[in-house]
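> Sharing a structure below in structure tokens format, with a few things to ask.
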Ligand SMILES: [Zn+2]
């Protein structure tokens with residue numbers, strides 16, 4: 001059994017390094033578009049030396065040319081990423097937040113799925129930073145991420161949160177447990193490739209439908225191409241059942257937070273990526289709850305129900321988007337009354 005305190009402290013440190021790397025990668029991606037600090041001064045755009053790229057805000061300094069102070073967000077990102085890595089590791093390894101009866105990998109979770117999902121968190125963090133700073137999600141981040149997901153899932157063969165298909169729709173299930181097709185057990189690498197491809201297709205495909213629908217109803221591209229590629233990566237890391245949960249949760253969070261921001265500040269928050277990554281994080285941390293205790297396994301083992309609920313969710317989305325269109329035409333001071 002792992003000792004929890006040194007393990008979580010190590011995860012916090014790894015998270016800090018990951019947060020710094022994500023910040024630097026984000027600034028490299030945005031270089032030439034805007035001065036975000038860290039590799040160029042946020043005030044005058046003077047290139048910052050490599051040593052100070054690694055230490056700025058931890059060791060505060062001013063720009064030698066214009067006197068602008070270091071930006072503060074990279075330090076916040078390091079602390080946040082440290083807490084995120086330690087918190088997720090604790091939930092996964094010690095609280096069994098992803099443990100479900102059907103999936104029993106041969107190697108312990110901290111050797112396999114933990115590094116896989118921490119890599120995923122690092123990539124989502126980078127994409128969230130670029131989306132927050134510049135409303136873009138770089139192809140390099142999600143492209144590399146998707147390749148890592150496919151390669152990892154195929155090479156390992158036991159990184160799935162859930163198998164590509166689990167049938168609970170059977171009278172014998174209470175006696176023998178869920179039915180698993182024989183090929184899944186004998187060809188676990190092929191199954192790895194199958195579930196990651198299914199997740200990628202579901203994530204990107206459904207987000208593409210949302211993009212086309214939203215563009216048609218709202219009359220402007222509300223959902224960017226970056227959101228589609230981001231959902232491809234999220235699907236490739238999580239599989240198709242969790243990615244459907246992400247798509248169901250993200251708009252709810254987006255509408256609640258988006259409405260609050262609009263009513264309080266009078267501004268509309270257009271980036272959709274952060275809601276997607278936040279929803280993905282929620283699903284990663286509550287998979288056991290969703291699958292077993294809320295019994296989503298019954299829904300996901302019945303094809304017609306899955307198809308019907310996906311269609312219904314897309315229908316609800318169309319209604320919501322129409323609502324947003326009416327909502328946006330209202331002057332802000334009317335809503336504040
Ligand atoms: Zn400067």
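Where a number appears in this text, it was derived from the coordinates with a stated rule and is not lab data. Here the structure is a predicted model, which is why all the values come from computation and not from measurement. Using ideal geometry, Cβ is built from the backbone for each residue, glycine included, and neighbour counts are taken over all protein chains shown.
> Using only Cα atoms and rounding to the nearest 10 degrees, what angle (0 to 90) does helix 188-218 make with the longest principal axis of the chain?
Computed tilt is about 60 degrees.
> Please give the contour-minus-distance gain from residue 189 to residue 201: 0.36 nm per residue of separation, less the Cα-Cα distance, rounded to one decimal in nm.
2.5 nm
> Still on this structure: With the crude spin-label approximation of a point 7 Å out along Cα→Cβ, what separation in nm comes out for residue 59 versus residue 285?
3.4 nm
> Hey, another quick one. What is the angle, in °, between the Cα long axis of helix 240-265 and the longest principal axis of the Cα atoms in the chain? Nearest 10 is fine, range 0 to 90.
40 degrees
> Starting from the Cα-Cα distance between residue 212 and residue 94, subtract it from 0.36 nm times their residue separation and give me the gain in nm to one decimal.
Net length gain for the segment: 38.3 nm.
> List the equivalent ellipsoid semi-axes of the chain in whole Å, largest first, each obtained as the square root of 5λ for an eigenvalue λ of the Cα gyration tensor.
Over the Cα atoms of the chain, the semi-axes work out to 36, 28, 17 Å.
> Mind listing the Cα extents of the range 1-95 along all three principal axes, in Å, largest one first?
54, 24, 17
> Quick check on the exposure proxy: order 184, 233, 161 from fewest to most C-beta atoms within 10 angstrom.
184, 161, 233
> A further question follows. Helix 303-329 against the longest principal axis of the chain: what's the angle in degrees, Cα atoms only, rounded to the nearest 10?
30 degrees
> Which value in deg cm²/dmol, rounded to the nearest 500, describes the helix-derived mean residue ellipticity at 222 nm for the chain, given -39,500 (n - 2.57) per DSSP H run of n ≥ 4 and division by the residue count?
For the chain, the value works out to -21500 deg cm²/dmol.
> Let me ask another. Please compute the volume of the convex hull spanned by the alpha-carbon atoms of the range 1-159 and report it per residue in Å³.
Value for the range 1-159: 121 Å³ per residue.
> Further question on the same structure: Rounded to a whole number of µm²/s, how large is the Stokes-Einstein D of the range 115-154 at 25 °C and 0.890 mPa s, given Rh as the Kirkwood radius over C-alpha pairs?
Diffusion coefficient, whole number: 237 µm²/s.
> Could you calculate the FRET efficiency of residue 44 with residue 261 from 1/(1 + (r/R0)^6), where r is the beta carbon distance between them and R0 is 25 Å, rounded to 0.05?
The calculated FRET efficiency here is 0.20.
> Still on this structure, please answer the following. Compute the normalised compactness of the range 62-121: alpha-carbon radius of gyration over 2.2 N^0.38 Å, N being the residue count.
Dividing the Cα radius of gyration by 2.2 N^0.38 Å gives 1.74.
> How high is the FRET efficiency from residue 310 to residue 5, r the C-beta distance, R0 41 Å, rounded to 0.05?
E(calc), rounded to 0.05, equals 0.40.
> A further question on this structure: For the range 204-309, what is Rg from Cα atoms divided by 2.2 N^0.38 Å, rounded to two decimals?
Dividing the Cα radius of gyration by 2.2 N^0.38 Å gives 1.14.
> Over all directions, how big on average is the projection of the convex hull of the alpha-carbon atoms in the range 73-167, in square nanometres?
Average of the hull's projected areas for the range 73-167 equals 7.3 nm².
> A further question on this structure: Which residues in the range 130-150 place their backbone N less than 16 Å from a point set 7 Å from the Cα of residue 220 along the Cα-to-Cβ direction?
135-136
> Taking only C-alpha pairs under 8 Å that are 6+ residues apart, what is the relative contact order of the chain in percent?
Averaging sequence separation for qualifying contacts and normalising by length gives 17 percent for the chain.
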